[in-house]
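What follows draws every value from the coordinates through simple rules; no lab data is involved. For clarity, every value in this text was computed on a predicted model and none was experimentally measured. Because the Cβ atoms are built from the backbone with ideal geometry, glycine has one as well, and the counts that use them run over all protein chains shown.
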Amino acid sequence: MLPFSVAPLDVRGRVVRLGPAVNAMLARHAYPPAVSRLLGEAIALTALLGASLKFDGRFTLQTSTDGPVDLIVVDFSTPDALRAYARFDAERVAAVADGAAPGSKPDAGLLIGKGHLAMTVDQGTAASRYQGIVPLDGDGLEAAAHRYFEQSEQIPTRVRLAVAEVMSRRPGEAPAHAWRAGGILVQFLPEAPERLAHRDLDPGDRPDTDEDAAVDDGATEDDAWVEARALVETVEDLELTDPEVTPQRLLYRLFHERGVRVFEPQPIADRCRCSRERVSGVLKGFSPEERVDMVVDGAIEVTCEFCSTRYRFAAEEVGLTPTAP
């Protein structure tokens, strides 16, 4: 993760590049390629947003929809830990993938479907928990992120996300497959608040009128933000995933005429928060009758959906009396 700022345009942002971390998160579940691409985008987006936390806490991105991929959960725990999981219907995912044009990627909106996207910031206490929710209406995660910042944060923001499969070959070895993901987030943060021009939000169920249209189109965007946004929209997927295009090189391509300042890079790690102690505590929260129902061959087995780690507990470890043989 590389934070940066472009002072002449009053913008700040971050570039994220994920290699081994995102590959490990995707490979351990053997997702279909279409699901891996979608979850990879969610991981990159969560990293970009979670890295903005200035306190010890957790940022969670979660989708709940009616699409072939009906659930995505990605956690970012400060300062650098990511974990991710996607639930999907294999037959429906295959149908969407088969319907894509030859050589093209399946439509992310069709994979996600309709529902909502929730972004939650948790400082560890109930009083400090914040959640923003935006609808998903058959569009992708980039569009949902833009809608979130427009409606919840009201900060002009532009996001680009990309995921790619890469193949490498060492002499005498078979080709190796790996996933990479990348993203860039840019926000307009001028010192003068009057420079933040916003269009009115959609009037909802009211009938559209000429007056509404006139109000919506009346907001004038700041020239600096128009320029910054246009530059970010030129970023190609390859520039976000190619190992040869470093974040510094990408930022120079975009903003060298204005002058870009980069800050200390931040590592990102594939690290789950599960542990034997945590899982044991969860099991003990169930009633004795429920725990008895979980016992198979004298023990309870639990698999973490995020990291696929399996935990096995003898009956006495979770407060049950072992049965006689």
Paramagnetic reach from Asp223 in the stretch 5-23 [backbone N under 15 Å; point 7 Å along Cα→Cβ]: 8-10
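Dipole of the stretch 1-156, Cα-centred, from +1 at each Lys and Arg C-beta and -1 at each Asp and Glu C-beta, to the nearest 20 debye? Write down the numbers at each step before the final one.
On the way: 14 positive and 17 negative charges, 89 e Å.
Dipole of the stretch 1-156, to the nearest 20 debye: 420 debye.
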Cα-based reach from Lys114 at 25 Å (exclusive), listing lysines while leaving out same-chain residues under 8 positions away: Lys105
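Using +1 on the beta carbon of Lys and Arg, -1 on that of Asp and Glu, and nothing else charged, what's the dipole of the chain about the Cα centre, debye to 20?
Numbers: 35 positive and 52 negative charges, 356 e Å.
Taking the Cα centre of the chain as origin, the dipole is about 1700 debye.
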Mean Cβ neighbour count within 10 Å, used as a protection proxy, ranking 270-277, 108-115 highest first: 108-115, 270-277
Alpha carbon convex hull of the chain, volume per residue in cubic angstrom: 205 Å³
Cα Rg, Dmax, the stretch 276-318, angstrom units: 9.9, 28
Positive-end residue, the stretch 58-162 charge dipole about Cα centroid, Cβ charges, pick of Ile72, Gly140, Ser128: Ser128
